[in-house]
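A.B. asks: What follows is a structure written as structure tokens; I'll ask about it next.
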Amino acid sequence: MSRTGAPTTVPAVRGDQAPRISGPAAALYGAVGGSYGAAAMSILRLAARRAGVIDKMVPQVVVEWTLHRTDLESSPASKTAHHVGDQFLHLGYGAAVGTVCGPMLASFKTRRGLWVGAALRMGLWAGAAMVLFPGFRIARPAWKASLQENLTNVAAHLVYGPAVQLLPAFS
């Protein structure tokens, strides 16, 4: 309030201007956004799995690959624990990637730059689906997957990138 008792106003921030954060705060926001994005991806993929579009979600494939490489086997009795572990793994690496990408994505001054988050995540998906997974023999490469499976993965990753970028923008 001013000396006259009239309320003071704060200059409005233009709708396209994102607040500027950097350093550890951007990494923390990126980690939280990465967790949100991974959770949203899981929901989309679970729906696709129920619809019969995909066989398994990526965390399931990674856990099964790890168990096979270490000569451990998942028991049928631990099916629930296996699914819970899959989701914690997915949230964990979603947060880890968000921690790394958050500061980069927070450096864009406007919300108009949201395409950058989506483009970054698409690049990370392409690297994993076309180089990392086939290289380690975790999963078949994207070019051998069905069109529906690739579209599901692309849609899921398009949700993730902006989730990492938007959290600092609305803080």
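A.B. asks: Accessible area per residue for region 84-142 in Å², computed with a 1.4 Å probe and the full protein assembly in place, what is it?
C.D. replies: Here the residues of region 84-142 average 54 Å² of exposed surface.
A.B. asks: Further question on the same structure: Sum up the charges of everything whose Cβ sits under 12 Å from the Cβ of Arg49, counting Lys and Arg as +1 and Asp and Glu as -1, but leave Arg49 out.
C.D. replies: 0
A.B. asks: Right, here's the next one. Sort Asp55, Asp86 by heavy-atom solvent-accessible area, probe 1.4 angstrom, most to least.
C.D. replies: Output order, biggest surface exposure first: Asp55, Asp86.
A.B. asks: Residue by residue, what Karplus-based ³J(HN,Hα) values in Hz, rounded to whole numbers, does region 41-55 have, using 6.51, -1.76 and 1.60 with θ = phi - 60° and x for Gly and Pro?
C.D. replies: 4, 4, 4, 4, 5, 4, 5, 5, 5, 4, 7, x, 6, 10, 7
A.B. asks: Counting Lys +1, Arg +1, Asp -1, Glu -1, what net charge surrounds Ala156 among other residues with beta carbon under 14 Å of its beta carbon?
C.D. replies: Value of the local net charge: +3.
A.B. asks: If you don't mind, another one. Assuming R0 = 22 Å, can you tell me the calculated FRET efficiency for the pair Ala96 and Trp65, based on Cβ-Cβ distance, to the nearest 0.05?
C.D. replies: Efficiency at R0 = 22 Å is approximately 0.75.
The values are calculated or read from the model by the stated rules, or taken from the named source; none is laboratory data. Computed from a prediction, not measured in an experiment: that's the story for all the values here. In this analysis, Cβ positions are derived from the backbone assuming ideal geometry, glycine residues included, and neighbour counts consider all displayed protein chains. Just so you know, the surface numbers come from the protein's heavy atoms only, side chains and all, with ligands and any DNA or RNA stripped out. Shrake-Rupley method; radii C 1.70, N 1.55, O 1.52, S 1.80 Å.
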